[in-house]
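Okay, so here's the structure we're looking at.
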Amino acid sequence: SDLYLYENNNRYWYATQPSVNQLARDRAEQQAEDRVELEIERRLKAALADRGPFARVHPSPANGSDVPDVDEVALVALAPRYPHDAKGTSSRAVAAAAEILASRGAGARTNQNMLVFLAADTTRLAELTQAAREYLAWASIVEEGEAGRLNLDGFQRSQAKSQRDGADQTAALRIPETYQWLLVPAQADPLAKVELRPVKLPGGSDPLAVRAGAKLRAEELLITKFGGVNLRLVLDGVLRERWGADHAVGLRQLWAWFAQYPYLPRLRDSSVLEGAVRDGASSLLWRTETFAYAAAREDGGVYRGIVAGRQGETPITSTSLIVDGAALPDPLPGPGPLPGPGREPGTSGWPPGPPPPAGPTAAPVPRAPRVARFHGEAVLAEPRTPIPELQKIVAEVIGPLAAQTDVSLTVRVEVEAEHRAEAGFSDQTVRTVSENAKTLRFRDFGFEKE
């Protein structure tokens, strides 16, 4: 039989039984590949227990049949046998993700804009695999030692448990370090090929799916809140042909497009679109900047249940639409005059019959001066981040004025910047700002020299 050399405090001896450490090393090397992969998949599933912003998480699907074709954004974590090699000419992760993206088994996948893939890094996968092998080796030694199948003394059993727990912790830490690549379906335009864009996850202590969601939101590759203005920009941009000649589109159809086409923003679920519709329809600038909501459109083209410039119910139904304000009459049709003394509902003026008795002639009441003009000037408190203040000015000052039908509105933007350093503005800054100001049709602009 084999002899094993031992050493302790400069004493050496031979024994026919290997040391616990040597036994663990031997067993780690002998672990079957499929068992190691199952161990990694088990740990990956546990690491994705917190789904973060994703409606669904699918760890280690065997093929496209394991990933449902539904209209909610899902994170698909590829099995460890499909790692991503960022420096190589080909990537097993990209190939596996492309196959899942294209099909859901027997048929083609419809909702391609609802999937994002998570893949292991090829280099870090070797470290994770070794950690899983060592854990399995020590776990088997502990199990067999407690069952009496290995002749271990008390010290050796304690040592094996300590080593198993350490290997367990190491393998758990290796999972988020290894699964560091997001593969995101992207399409430059409706005619371009769908590609899988690699995005590297930063480190952090948050759960894996939480970090993935945060990175996607930061890159605007996953939208959890969408504004009415943003939706109108999409309608006037890549969807301008689908928006139609009458500038109205059914909301069910619109949501289907968002779920299907990777050239559109990736909205987490239909509630994000509902929020955008609610925001746009309630805007006071609905005629020019956003849109109106209609519960239905009749065969004659008449819209019913219009919500425009106010808060109201705007659900996505089989008949609901959003409508360009230019397609609606100004002012919007409303109810007839309210009933009152001597009036019938829906009528105006006195009812037929003799006029009321004449009374004494009232003295003319002088007309109060009308309020005809407004002007105002504001200095932004945070000029380096002006968007929130400008949005508030638009909503609370410009919006109510623009909502009036007989108002001539002029808005001017004035920008002043003074460089306090001795060198002043760089040539690059002068050239860039001047060209941009010219493009944006500034009437009067320029830099001054001292």
Matching option when the condition is part of a strand (DSSP E or B) and either open to solvent by 30 Å² or more (accessible area, probe 1.4 Å) or in contact with a strand residue (DSSP E or B) (Cβ under 9 Å, 6 or more places away or on another chain) (or both), among VAL94, VAL116, VAL70:
VAL116
Scanning segment 174-189 for residues that are closer than 20 Å to LEU115 by Cα, open to solvent by less than 40 Å² (accessible area, probe 1.4 Å) and not in a strand (DSSP E or B) gives TYR179, GLN180, GLN187
Given the conditions (1) exposed (fewer than 15 other Cβ atoms within 10 Å of the Cβ); (2) over 18 Å from LEU208 (Cβ atoms); (3) of a type outside the set (Ser, Thr, Tyr), every one holds for ALA28 apart from (1)
Which residue out of GLU422, GLU416, GLU435 is open to solvent by 100 Å² or more (accessible area, probe 1.4 Å), farther than 17 Å from LEU285 by Cβ and modelled with pLDDT of 75 or more?
GLU416
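Results for (1) in contact with a strand residue (DSSP E or B) (Cβ under 6 Å, 6 or more places away or on another chain); (2) farther than 17 Å from LEU264 by Cα, shown as yes or no for each residue.
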position	(1), (2)
LEU173	no, yes
PRO176	no, yes
TRP181	yes, yes
LEU196	yes, no
ARG211	no, yes
ALA214	no, yes
GLU220	no, no
VAL229	no, no
ARG232	no, no
Looking at segment 318-348 only, could you name the residues that are surrounded by 10 or more Cβ atoms within 10 Å (Cβ to Cβ) and at pLDDT below 50?
GLY336, PRO337, PRO339, GLY342, ARG343, GLU344, PRO345, GLY346, THR347
Of the listed residues (ALA137, ALA171, ALA131), the one being buried (at least 21 other Cβ atoms within 10 Å of the Cβ), touching a residue at least 40 places away in the same chain (Cβ under 8 Å), touching a Phe, Trp or Tyr at 6+ places or on another chain (Cβ under 7 Å) and of a type outside the set (Lys, Arg) is ALA171
Which of (1) under 18 Å from LEU183 (Cα atoms); (2) within 25 Å of the chain's Cα centre (by Cα) is the odd one out, the single condition PRO80 does not satisfy?
(2)
Among the listed residues ASN10, ASN21, which satisfies the condition of being on the phi > 0 side of the Ramachandran plot, open to solvent by 50 Å² or more (accessible area, probe 1.4 Å) and at pLDDT below 95?
ASN10
Condition first: within 17 Å of PRO83 (Cα to Cα) and either among the acidic types (Asp, Glu) or open to solvent by 30 Å² or more (accessible area, probe 1.4 Å) (or both). Now tell me which residues in segment 31-46 satisfy that.
GLU33, ASP34, GLU37, LEU38, GLU39, GLU41, ARG42, LYS45
Log entry, pairs with first residue in segment 295-317 being open to solvent by 60 Å² or more (accessible area, probe 1.4 Å), second being assigned to a loop (DSSP other than H, G, I, E, B), beta carbons closer than 6 Å, six or more apart or on different chains, reads ARG304/ALA295
Might you let me know whether segment 349-370 holds any residue that is modelled with pLDDT of 60 or more and either assigned to a loop (DSSP other than H, G, I, E, B) or open to solvent by less than 90 Å² (accessible area, probe 1.4 Å) (or both)?
yes
Within segment 244-271, residues without any contact (Cβ under 8 Å) to a residue 24 or more places away in the chain and either open to solvent by 30 Å² or more (accessible area, probe 1.4 Å) or more than 17 Å from the chain's Cα centre (by Cα) (or both) come out as GLY244, ALA245, GLN253, SER271
For SER282, which of the numbered conditions (1) open to solvent by 30 Å² or more (accessible area, probe 1.4 Å); (2) under 21 Å from GLU313 (Cβ atoms); (3) small (Gly, Ala, Ser) fails to hold?
(1)
Conditions: (1) among the acidic types (Asp, Glu); (2) part of a helix (DSSP H, G or I); (3) under 18 Å from the mean Cα position of the chain (by Cα). GLU241 meets all but one. Number of the miss?
(3)
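The values are calculated or read from the model by the stated rules, or taken from the named source; none is laboratory data. Because the structure is predicted, anything quoted here is derived from the model rather than measured. Methodologically, a virtual Cβ is constructed for each residue, glycine included, from the backbone with ideal geometry; neighbour enumeration extends over all protein chains shown. Heads up: the accessible areas ignore ligands, DNA and RNA and are worked out on the full protein's heavy atoms, side chains in. Shrake-Rupley method; radii C 1.70, N 1.55, O 1.52, S 1.80 Å.
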